[in-house]
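Values in this text are rule-based calculations from the coordinates and carry no lab data. Fair warning: this is a prediction, and the values are worked out from it, not measured in the lab. Counting neighbours? That spans all protein chains shown, and the Cβs are built from the backbone with ideal geometry, glycine included.
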Ligand SMILES: [Zn+2]
């Protein structure tokens, strides 16, 4: 692979991790299978060794999955405002919708009207409607 922009290692990292996990998983399955096969035969000491190898492989997979998950930087969860406040001017019936702010409640006198001198009153607080396409 060419030495390109390495600022997006998450893609290749997960790809490599998946490949390694697949190899280890196959090897562990084979070890477990061989162990159970050996259990039926007389060499049960080999069986225990195989089973231990298989278990260790699965443990390694679990560790890898855990470590990759914890190493991936989580996206900063920006709380998206999905609640809006509807304001209405009692004097000129101008309606406005803006993002909900802390402290908003219905019938509260809010900002002044942009059309007249009156005070706009909060008439509703509800979830933002789905953005319509077109
Ligand atoms: Zn007004």
>> Under 25 °C and 0.890 mPa s, how fast does the stretch 83-127 diffuse according to Stokes-Einstein, given a Kirkwood radius computed over C-alpha pairs? Answer in µm²/s, whole number.
In response: 242
> How far apart, in nm, are the 7 Å Cα→Cβ label points at residue 29 and residue 96?
Replying inline: 6.3
> Percentage of Cα-Cα pair distances in the stretch 10-71 greater than 18 Å, rounded to whole percent?
Replying inline: 42
